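The values are calculated or read from the model by the stated rules, or taken from the named source; none is laboratory data. Remember, it's a predicted structure, so these values are computed and weren't measured experimentally. Glycine also receives a Cβ, built like all others from the backbone with ideal geometry; neighbour counts cover every protein chain displayed. The protein model used for the area step is the full one, side chains on, heavy atoms only, and it has no ligands, DNA or RNA in it. Shrake-Rupley method; radii C 1.70, N 1.55, O 1.52, S 1.80 Å.
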Amino acid sequence: MQLTVWTYEGPPHVGAMRVATAMEGVHYVLHAPQGDTYADLLFTMIERRDKRPPVTYTTFEARDLGTDTAALFQRTLKDAYERFQPQAMLVGASCTAELIQDDPAGLAKAANLPVPVIPLELPSYQRKENWGAAETFYQIVRTLAAPVHPQVGDAAGAIPANAVPGHPPLPAGISPSRGEVGGFDASPGASSETQDPASQSGLGAKAGSISPLVGEMPGRAEGGDAGIDSSAEPEKRAADAHGEAANFGPREARRPTCNILGPTALGFRHRDDVAEIRKLLGEIGVVVNVVAPLGASPADIGRLDEADFNVVLYPEIAGVAAKWLKRTFGQAFTTVVPIGHGATRDFVAEVRRLAGLPEAAATGVAPRSNLPWFSRSVDSNYLTGKRVFVFGDATHALAAARVATEEFGFTLCGLGTYSREFARDIRAAAKAYGVEPLISDDYLDVEEAIAAVQPELVLGTQMERHIAKRLGVACAVISAPVHVQDYPARYSPQMGFEGANVLWDTWVHPLVMGLEEHLLGMFRDDFEFHDDARPSHLGAGSRISTEPERATTTFATPPAVPPATRVGASADGNPINLDWLNEAEVELKKIPFFVRGKARRNTEKFALERGLSEITVETLYDAKAHYSR
Amino acid sequence: MSGGPSMSRGAAPAVADIMPSLGCADRPVLRERGQREVFCGLTGIVWLHRKIQDAFFLVVGSRTCAHLIQSAAGVMIFAEPRFATAVMEERDLAGLADANEELDKAVSRLIERRPDVRMLFLVGSCPSEVIKLDLSRAAARLSQRYSPDVRILNYSGSGIETTFTQGEDNCLAALVPQLPDSEAGAPQLLVVGALADVVEDQFARLFDAMGIENVRFLPPRRARDLPPVGPSTRYLLAQPFLGETARVLDERGARRIAAPFPLGAEGTTLWLKAAADAFGIDPMRFRSATAAAEARAKRALEPYRAELSGRAVFFFPDSQLEIPLARMLSRELGMNLAEVGTPYLHRQHLAEELALLPEKTALSEGQDVDRQLDRARATRPDVSVCGLGLANPLEAEGLTTKWSIELLFTPIQGYEQAGDLAALFARPLDRKTRLKV
């Protein structure tokens, strides 16, 4: 049993709901007791959806157990089909129904409905929300995008679940128990970096470009450029600027097409990301065939194979399906997640390669987002080396690490994820950044890690926002789990060039601005500008008393509290007591609070190493000089 | 929870089988069975953990249970809450012996981290009930280990046995055997049901003013402060969903004072009067103790009556507060009752309420949410009272809604809150008239 207070992810059937709710013409019948309907409010309240999720719950009760829960499931399935007339149905069990083993898959098959019915096996006691979403999307794609297109809604085209005529055999390595080897790595033992074609071509070769999907880069890209008539390039570039169709030469009679895979309901900015990436692809000259699951119907899933390649925005959700599509239809897929200015440029380059388009001219083109100039602007100097702690789902955490270091000039002091499936990717990235990886879904572990490294900024989820609030550290939210505040009214993508602008605004906003920070450092005892005062541009801070407090920390009258006695261990392991003299303790308080813990630890370490039992103001500054070298 | 007021009692057997029948108050009740858009009993932890300040609630369940409480709490209450979930994993399902061992470990970790906790509730969930993990034996076993520092009790909040507020009912019922015996002789009054502290204080002052001296409340604010109970105890239910608690109080010899519930000016007066009569309080003294507050409540209701009178309200089932609320809205604010749905209708405890409802009020018990939505769309009420899963979709269809959960997270009982209660129903309509977008 895992003792938990807050969870980063819901159960896997909530992941399935995110996929079902994102789609059109799909209905999910969930064998579940009363109470599990709470999940509806995630969509209607947090995301403010104006429709109920397309989910019908069987609502079985204690007295049904052992009698007719199977019949209840069958009636519910039939009623739901008749009422909602979906083009495809999903059936499955929540955690409790999994225990009673009614076999929704078998029952649904027996019901013989005139639409495809896709059974979902989501092991609630092993797996979580993102895994459930990935598995659901994969099963939908596998069933509905089979090489022989199902005639949706046509009784003759009824597909007995898992028995699609002409369905290719299950690819090796893909099964409901997939993911046990960790991540989407197809080739165990192969190092991510060395297999990354992006690094081979010199694009984004740095640690920050590590993508959860590297190692899976399709071979198709290499041949892509060959057939391009280079004389068409100027024309094409002009056309790109207008986002219009271009003639790419004799071999390409039509514009290349792609699918966008991964966005779901209740995702972190998924809707805006799709809009931004769709626009970007249009500008490159790539036509979007299908976006899925968000907004896709079962018939759209049946058209997935018509695209030349796939754009995978959220590997956590679409990675497995994209691999299946590659194996089945030979569709390559993107591995760069376009979060940040640099990653967006890498993404554009990758898309061009996959689409068989010539490389865009790199010189003489103004940056498409404001981030590069804003970051070079002198007022941003104060951002240099600010220590940031990054935690989130793997995709957003990896992207944030790259943006924070390469585009903001921050120093990464921690990197972690709750997505255990991607532990390997996070560990590799953390190693490259020289920080400790944190793979945990226990928010208390995360809180402990943040408190230990004392960052100046936390880039995390809503959980880290609360942790940071308690620790008095600035925070910006970069990843799910989400809150109603993560659905802003304005257009606010994380991806693409506009996404880079959003990241700039969002991450800089919580920080104390440069000169204000200096003033705080210079006059620490000011009754309005003290440690507890929030940055002056942030609205409701803590109330400030109208009178300066009675001199509690002035130099002349040290506080009456006894000096702190701390126990440390000397080099030979014997515990020794460290006494902070009052004056040193007071001096320490003049150091900005976000580095104070570090200053204290360094000073104590310095004292211990030298066998000093008393810490004076001199010791403090000796230690400062020692460690600043 | 055999014998308890489980939601299954008396419900029709077939799914979505609409079967009008006569309740014991001779009212036709539409009983439905189908998808329920209602929380399970675990949700009560969200307010109970604030009410009993040194108690901790440990749900023994699945990730779904943890996610439910987190989501139902709406915002994350991040001051480390006094609840947690022991999430069962694959290996816990393999053998019950291991599950018990794992549970003991979870409890010891918890008690180490929270030495301030004096009472620990092990709360059963759907999965723990289905695998028949015996939490009462676990509680007894753990009590021995941690007694007398921590008292360990158990109850079920599972969705297969309880609906929303029945979780509080089961929690209080689990407390009853722990209550000390009261001394024979002078009668005491026990007010049963979690109330906001401010409401509790107001009622205590009113009982004192009318001369009822020995008044205690269940649940207490501190687990160590359990009220005594016995044959000399008369108890007054402050909430309409406490069937099981009442049953075990009866077993301790206490006797229920039948009354409507203290919602609205009239409801509060009738509720207090029932207690006054049971304790033989002089009617003049009762009037002098309550008249000023009652008049104040009526004045507070006046402006809302003008806004709400003649408007139709439709209750989707949620908290079992629906019938007392419908009575208050119809009698004190002049609203029309389109349909009053309740997850479970306790006919005996609600007899006084049912008698005050207008004749031919459409009552429904249980739920088949799709059919009920069809009825609401056909009726097009002015206000639909519903849970969070339904509110925005109904708003999008042009039906004004009132979130029912607010009725549990707001002090609404008593004279001083009568106006606030009316305001909760008036605000969505007020908003609708203001907005020009």
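See the values below:
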| quantity | calculated |
| --- | --- |
| Matching residues, segment A:276-322, being free of Cβ contacts under 8 Å to residues at least 40 places away in the same chain and either among the hydroxyl-bearing types (Ser, Thr, Tyr) or part of a strand (DSSP E or B) (or both) | A:287, A:288, A:289, A:290, A:291 |
| Unmet criterion (only one of (1) in contact with a Lys or Arg (Cβ under 9 Å, 6 or more places away or on another chain); (2) within 27 Å of residue A:102 (Cα to Cα)) for residue A:7 | (2) |
| Failed condition for residue B:364, given (1) open to solvent by less than 10 Å² (accessible area, probe 1.4 Å); (2) under 30 Å from residue B:293 (Cβ atoms) | (2) |
| Where a residue in segment B:286-301 is farther than 14 Å from residue B:413 by Cα and its partner, wherever it lies, is among the small types (Gly, Ala, Ser) and open to solvent by 40 Å² or more (accessible area, probe 1.4 Å), with Cβ under 6 Å and at least six apart | B:289/B:209 |
| Residue tally, condition among the β-branched types (Val, Ile, Thr) and more than 10 Å from every other protein chain (Cβ to nearest Cβ), over segment A:70-85 | 0 |
| Residue A:351 vs. criteria under 23 Å from residue A:496 (Cα atoms), aliphatic (A, V, I, L, M) and part of a loop (DSSP other than H, G, I, E, B) | no |
| Count - residues of segment B:151-177 that are open to solvent by 60 Å² or more (accessible area, probe 1.4 Å) and in a helix (DSSP H, G or I) | 1 |
| Residue match in segment A:108-121 (condition: among the polar types (S, T, N, Q), within 34 Å of the chain's Cα centre (by Cα) and more than 14 Å from chain B (Cβ to nearest Cβ)) | no |
| So residue A:468, is it away from every other protein chain (no Cβ under 14 Å), under 26 Å from residue A:600 (Cα atoms) and of a type outside the set (Ser, Thr, Tyr) | no |
| Where residue B:116 falls short, out of the listed (1) more than 10 Å from chain A (Cβ to nearest Cβ); (2) in a helix (DSSP H, G or I); (3) touching a residue at least 60 places away in the same chain (Cβ under 8 Å) | (2) |
| Extreme residue, farthest from residue B:49 (Cα to Cα), among residues of segment B:92-109 that are aliphatic (A, V, I, L, M) and open to solvent by 10 Å² or more (accessible area, probe 1.4 Å) | B:94 |
| Search result, residues across segment A:399-445 that are surrounded by 23 or more Cβ atoms within 10 Å (Cβ to Cβ), among the hydrophobic types (A, V, I, L, M, F, W, C) and either modelled with pLDDT under 95 or farther than 26 Å from residue A:472 by Cβ (or both) | A:399, A:422, A:426, A:429 |
| One residue from B:130, B:150, B:87, B:123 being more than 10 Å from chain A (Cβ to nearest Cβ), among the β-branched types (Val, Ile, Thr) and more than 15 Å from residue B:44 (Cα to Cα) | B:150 |
| Candidate set from segment B:189-235 (those that are among the aliphatic types (A, V, I, L, M), closer than 24 Å to residue B:54 by Cα and part of a helix (DSSP H, G or I)); member that is least open to solvent (accessible area, probe 1.4 Å) | B:199 |
| Any chance residue A:385 is part of a loop (DSSP other than H, G, I, E, B), open to solvent by less than 80 Å² (accessible area, probe 1.4 Å) and at pLDDT below 95 | yes |
| Residues (surrounded by fewer than 22 Cβ atoms within 10 Å (Cβ to Cβ) and at positive phi) located in segment A:320-340 | A:330 |
| For residue B:148: the one exception among (1) surrounded by fewer than 21 Cβ atoms within 10 Å (Cβ to Cβ); (2) at pLDDT 95 or above | (2) |
| Residue in segment B:388-403 that is buried (at least 24 other Cβ atoms within 10 Å of the Cβ) and more than 11 Å from chain A (Cβ to nearest Cβ) present | no |
| Residue list for segment B:344-361, restricted to those being open to solvent by less than 50 Å² (accessible area, probe 1.4 Å) and either touching a helix residue (DSSP H, G or I) at 6+ places or on another chain (Cβ under 7 Å) or away from every other protein chain (no Cβ under 14 Å) (or both) | B:345, B:346, B:347, B:349, B:350, B:351, B:353, B:354, B:356, B:357, B:361 |
| Residues satisfying the stated conditions in segment B:46-67, i.e. more than 12 Å from chain A (Cβ to nearest Cβ), open to solvent by less than 10 Å² (accessible area, probe 1.4 Å) and within 18 Å of the chain's Cα centre (by Cα) | B:48, B:52 |
| Matching entry among A:47, A:9 (being more than 7 Å from chain B (Cβ to nearest Cβ), acidic (Asp, Glu), over 16 Å from residue B:396 (Cα atoms) and in contact (Cβ under 8 Å) with a residue 40 or more places away in the chain) | A:9 |
